[in-house]
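Working notes for the structure below.
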Amino acid sequence: MRFTTPTLLASLLSPSVLAAAVAGCAKCNETAHGFASLNGGTKGGLDGKVVTVTRYKDLVTFAAANEPLIIRIQGILKADPKGFEVPVTSDKTIIGVGSDSGINGGGFGIKKQRNVIIRNLRVSGTYNPKDYPGKGDDFDGIQIDNSTNIWIDYVHFSQMADGLIDLRADTDYVTVSRSIISQHNKAFGIGWTQNVISKVTINDCFFNSTNVRGPSADNLKMGHLYNNYYRNITGYGIYSRGASSLLVENTYFEDAHDPIVAGPNGTIKSNWLKFKNCTGETHLNVKPESVFKATDYYAYSLRDPYDIPIDIPYFGGPQTTIGI
Ligand SMILES: *[C@@H]1O[C@H](CO)[C@@H](O)[C@H](O)[C@H]1NC(C)=O
Ligand SMILES: *[C@@H]1O[C@H](CO)[C@@H](O)[C@H](O)[C@H]1NC(C)=O
Ligand SMILES: *[C@@H]1O[C@H](CO)[C@@H](O)[C@H](O)[C@H]1NC(C)=O
Ligand SMILES: *[C@@H]1O[C@H](CO)[C@@H](O)[C@H](O)[C@H]1NC(C)=O
Ligand SMILES: *[C@@H]1O[C@H](CO)[C@@H](O)[C@H](O)[C@H]1NC(C)=O
Ligand SMILES: *[C@@H]1O[C@H](CO)[C@@H](O)[C@H](O)[C@H]1NC(C)=O
């Protein structure tokens, strides 16, 4: 294991100021955009030391530590026991070294914590081919309950037993960006609450060969989805469920069934969506006047949707240049 300390400057600067490079961890000074940039921002373990793990049990130990840490995962670590969701506590960055690091056979669990970054990882391998619906095991890629300020970035999630990403029970101020959500039944769920308070940004993600929940957003106060690409969606794509309010911009849907739909009390405002060979229903504007304006909260840039699918997966998943 290798221990290094970040430069002194990093701990003196506030997240809104450019953070100095973190020694021995490329691009580890980056902080969240979108809704995760509000409410004090999301900088994970930027104020703490950097540790590198090559053994699963060290990941489990450091993820539960009572101090800020940047935890680099080097290589694909095998979960033990199968399906275990590594509990991650506040003020952590968990980041893969290069493009082939992560967890196989398990995921992450975040319960009542704040300020966590999960970045540049591969998470897969609890899928049971005899159980496509995933009803037998509750082995998620990441389950987050009642937490705030979470940034999931450049993660490749695929083939797990239950959900790939489940944001539950009032988890708030979340950004999921540049991630690939692939080959799965119930891909991305948001809800498990009667309250309507959660705010989530989902941008530059690739939903690939998923059946349902891209996401299923139940009682989401503000869901901002932009620059996403959906391909081979067999059940449905985006679902505004319960009292959710979704702003869906610059998105490309290809071979998708029911690409974007609202339930009876859900609202949707859409802006420049492109559909290629899609079937089923598209609910483009459902009480759009009641949908929020994302520019009231943060700045962001939209891609031309015609550019989105040409060079897959250039915008998502683990990168060779991060965490090294
Ligand atoms: C990270 O550090 C590098 C090198 O000092 C700097 O160029 C870059 O702007 C910093 N990025 C952020 C987001 O603070
Ligand atoms: C989340 O936690 C707060 C404070 O602990 C609690 O009051 C609230 O009921 C929880 N929300 C849910 C949906 O569990
Ligand atoms: C997309 O899904 C197909 C299976 O339908 C799979 O072969 C391919 O590897 C996936 N692509 C990515 C980038 O995950
Ligand atoms: C589409 O996704 C389904 C699983 O949802 C998979 O069985 C099929 O091979 C995929 N088709 C393509 C063309 O990737
Ligand atoms: C829609 O809202 C009405 C009035 O609040 C409520 O009675 C009904 O159960 C809601 N339906 C759904 C599917 O949420
Ligand atoms: C259109 O989508 C269907 C799945 O809904 C797929 O089987 C078919 O190959 C697609 N056709 C073209 C021309 O891409």
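The values are calculated or read from the model by the stated rules, or taken from the named source; none is laboratory data. Given the structure is predicted, the values throughout are model-derived calculations rather than measurements. With ideal geometry, Cβ positions are generated from the backbone for all residues, glycine too; neighbour counts draw on all protein chains shown. Accessible surface areas use protein heavy atoms only, side chains included; no ligands, DNA or RNA. Shrake-Rupley method; radii C 1.70, N 1.55, O 1.52, S 1.80 Å.
Annotation note: of Val86, Val51, the sole residue that is open to solvent by less than 10 Å² (accessible area, probe 1.4 Å), closer than 19 Å to Phe157 by Cα, more than 16 Å from ligand 3 (Cβ to nearest atom) and of a type in the set (A, V, I, L, M) is Val86. Cβ separations smaller than 6 Å between residues 6+ apart or across chains give the following pairs from region 174-189 residues that are farther than 24 Å from Lys43 by Cβ to residues that are within 16 Å of ligand 2 (Cβ to nearest atom) and charged (D, E, K, R): Gly189/Asp166.
Looking only at region 190-215, count how many residues are over 15 Å from the mean Cα position of the chain (by Cα) and either without any contact (Cβ under 8 Å) to a residue 24 or more places away in the chain or surrounded by fewer than 23 Cβ atoms within 10 Å (Cβ to Cβ) (or both).
Within region 190-215, the subset over 15 Å from the mean Cα position of the chain (by Cα) is 192-197, 209-212.
Okay, now just the ones that are also either without any contact (Cβ under 8 Å) to a residue 24 or more places away in the chain or surrounded by fewer than 23 Cβ atoms within 10 Å (Cβ to Cβ) (or both), so 192-197, 209, 211-212.
The total comes to 9.
For Asn277, the requirement of being free of Cβ contacts under 8 Å to residues at least 24 places away in the same chain, among the polar types (S, T, N, Q) and within 16 Å of ligand 3 (Cβ to nearest atom) is met. When Gly214, Gly223 are checked against the criterion of being outside any strand (DSSP E or B), within 22 Å of Val155 (Cα to Cα), of a type outside the set (Phe, Trp, Tyr) and away from ligand 1 (no atom under 16 Å from the Cβ), a single residue qualifies: Gly214.
For every residue, the table says whether it meets (1) within 16 Å of ligand 2 (Cβ to nearest atom); (2) closer than 20 Å to Asn185 by Cα; (3) crowded, with 20+ Cβ neighbours inside 10 Å.
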{"position": "Asp218", "(1), (2), (3)": "yes, yes, yes"}
{"position": "Asn227", "(1), (2), (3)": "no, no, yes"}
{"position": "Ile233", "(1), (2), (3)": "no, yes, yes"}
{"position": "Gly237", "(1), (2), (3)": "no, yes, yes"}
{"position": "Leu246", "(1), (2), (3)": "no, no, yes"}
{"position": "Thr267", "(1), (2), (3)": "no, no, yes"}
{"position": "Phe275", "(1), (2), (3)": "no, no, no"}
{"position": "Leu284", "(1), (2), (3)": "no, no, no"}
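The residues of region 278-324 include none that are within 18 Å of the chain's Cα centre (by Cα) and outside any loop (DSSP other than H, G, I, E, B).
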